[in-house]
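*Asks:* Structure incoming, see below.
Since every read-out is calculated from the coordinates, none of them should be taken as a lab result. For clarity, every value in this text was computed on a predicted model and none was experimentally measured. Here the Cβ positions follow ideal geometry from the backbone for every residue, glycine too, while neighbour counts run over all protein chains shown.
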């Protein structure tokens, strides 16, 4: 074991999956959770690995619910797993401020897992840290609570899944976390730590790709939401809905903020290329049912984040004199999809 300490803000599926692999890598892991929730996340936790169809035991970590308990401790990295919408709630902002006060005079680097228009600037202002200390990262594996009620794949251990606190699956290249923005030296330090797990690795994505292409993906999730979250091939087969989503994606890519790279990406990211990317993910993440996972995750847990992103882009485009016709039409359809129907499916 090494003496590198990591603070993970949030102990949901994302936080637990990343914390487990960081602990395997030899890091000291401490979770910051909501007040009164320390007992709920006490060690040990049981994690189901879809790739190996086995239960992993995660222990040897700490859990606290007040940053006051961390005064005097130092962390090399702070991994914030709050989504973009939650980060901007009153409680989320208070958590970010408290963590910022804790680490402001240190060298700790923050990795932000949430997505949102202007979210980076919000983190910098709220936490009071410099831009070189904030990296954008996102999960490369997929992770969900064992209680999510997703379909059990034929080759998986149903009893083990039912007993698990968290379940996760890696893509074939074993990328568990991807870093897409910021200080290259800090990103490499985090990767050097995380990769010591030997079973999961950090991938890198050019910042421009993450900025321009990453957020446009939410138009596809919105189309899947409207369709009721079937496999992507079924959404593609609904030609009118799919073409609407692809046109909305192009409108986002062509926003002035994205410059020439966005124009090129809009030309490349047509119907066929976009479909192939999402179909490939469904194949790469087997045996997990990705359509069911996306219904649970993007159709439920982080739907507010996803819709915030699309609404913010629609508003930004209109301020720039762009009608954003397809995006506004897609948002109207997504907003009209009954919440009660979504919950009952």
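*Asks:* Can you give the angle from 0 to 90° between the axis of helix 325-336 and the longest principal axis of the chain, with both taken from C-alpha atoms, to the nearest 10?
*Replies:* That helix lies at roughly 70 degrees to the long axis.
*Asks:* How would 199, 6, 268 line up from fewest to most surrounding beta-carbon atoms within 10 angstrom? Show your work: numbers first, answer last.
*Replies:* Working: 199 16, 6 25, 268 11.
Ascending Cβ contact count within 10 Å gives the list 268, 199, 6.
*Asks:* Arrange 306, 3, 157 by Cβ neighbour counts within 10 Å, fewest through most, would you?
*Replies:* Values: 306 25, 3 8, 157 16.
Ordered by Cβ neighbours within 10 Å, fewest first: 3, 157, 306.
*Asks:* Applying 1/(1 + (r/R0)^6) with R0 = 51 Å to the Cβ-Cβ distance of residue 152 and residue 105, what FRET efficiency is obtained, to the nearest 0.05? Each step should come with its number before you reach the end.
*Replies:* Working: r = 49 Å, r/R0 = 0.95.
E between residue 152 and residue 105, to the nearest 0.05, is 0.55.
*Asks:* Could you check the simple spin-label distance between residue 97 and residue 281, using points 7 Å along Cα→Cβ, in nm with one decimal?
*Replies:* Distance between the two pseudo-spin positions: 3.4 nm.
*Asks:* Looking at the chain as a GNM with Cα springs under 10 Å, which of 62, 149, 36 has the largest mean-square fluctuation?
*Replies:* It is 36.
*Asks:* Please determine, in degrees from 0 to 90 and to the nearest 10, the orientation of helix 271-284 with respect to the longest principal axis defined by the Cα atoms of the chain, where the helix direction is its Cα long axis.
*Replies:* For helix 271-284, the angle is close to 30 degrees.
*Asks:* So how tilted is helix 90-103 from the main axis of the chain? Cα-based, degrees 0 to 90, rounded to 10.
*Replies:* Computed tilt is about 50 degrees.
*Asks:* At a Förster radius of 51 Å, what calculated FRET efficiency corresponds to the Cβ-Cβ distance of residue 267 and residue 54, to the nearest 0.05?
*Replies:* Working: r = 45 Å, r/R0 = 0.88.
That gives a FRET efficiency of 0.70.
*Asks:* Separate question: Running a GNM on the chain with Cα contacts under 10 Å, which residue among 205, 255, 24 ends up with the highest mean-square fluctuation?
*Replies:* So, out of 205, 255, 24, the one fluctuating most is 205.
*Asks:* Counting C-alpha atoms alone, how compact is the chain: give Rg to one decimal and Dmax as a whole number, in angstrom.
*Replies:* 19.8, 58
*Asks:* Would you kindly state how much longer the chain becomes between residue 208 and residue 185 on full extension, computed as 0.36 nm times their sequence separation minus their alpha carbon distance, in nm to one decimal?
*Replies:* On the way: separation 23, 0.36 × 23 = 8.28 nm, distance 1.77 nm.
Using 0.36 nm per residue and subtracting the Cα-Cα distance, I get 6.5 nm.
*Asks:* Assuming a ≥ b ≥ c are the square roots of the Cα gyration tensor eigenvalues, decide whether the stretch 216-345 counts as rounded (a/c under 1.5), prolate (otherwise, with a/b larger than b/c) or oblate.
*Replies:* Judged from the Cα gyration tensor, the stretch 216-345 comes out oblate (a/c at least 1.5, b/c at or above a/b).
*Asks:* Can you put 150, 253 in order, fewest other beta carbons within 10 Å first? Provide the component values of the computation, followed by the final result.
*Replies:* On the way: 150 20, 253 23.
Sorted ascending by nearby Cβ count, the order is 150, 253.
*Asks:* Per residue of the chain, what 222 nm ellipticity follows from adding -39500 (n - 2.57) for every DSSP H run with n ≥ 4, rounded to the nearest 500?
*Replies:* Working: 15 runs with 153 residues, N = 345.
The helix-only estimate for the chain comes to -13000 deg cm²/dmol at 222 nm.
*Asks:* Roughly speaking, what is the stretch gain from residue 332 to residue 319, that is 0.36 nm per residue apart minus the C-alpha to C-alpha distance, in nm to one decimal?
*Replies:* Values: separation 13, 0.36 × 13 = 4.68 nm, distance 1.89 nm.
Here the segment from residue 332 to residue 319 would lengthen by 2.8 nm.
*Asks:* For the stretch 5-205, what number results from the quotient of the Cα radius of gyration and 2.2 N^0.38 Å?
*Replies:* Details: Rg = 16.3 Å, N = 201, 2.2 N^0.38 = 16.5 Å.
After normalising by residue count via 2.2 N^0.38 Å, the value is 0.99.
*Asks:* Looking at the chain as a GNM with Cα springs under 10 Å, which of 264, 33, 99 has the largest mean-square fluctuation?
*Replies:* The residue with the greatest mean-square fluctuation here is 264.
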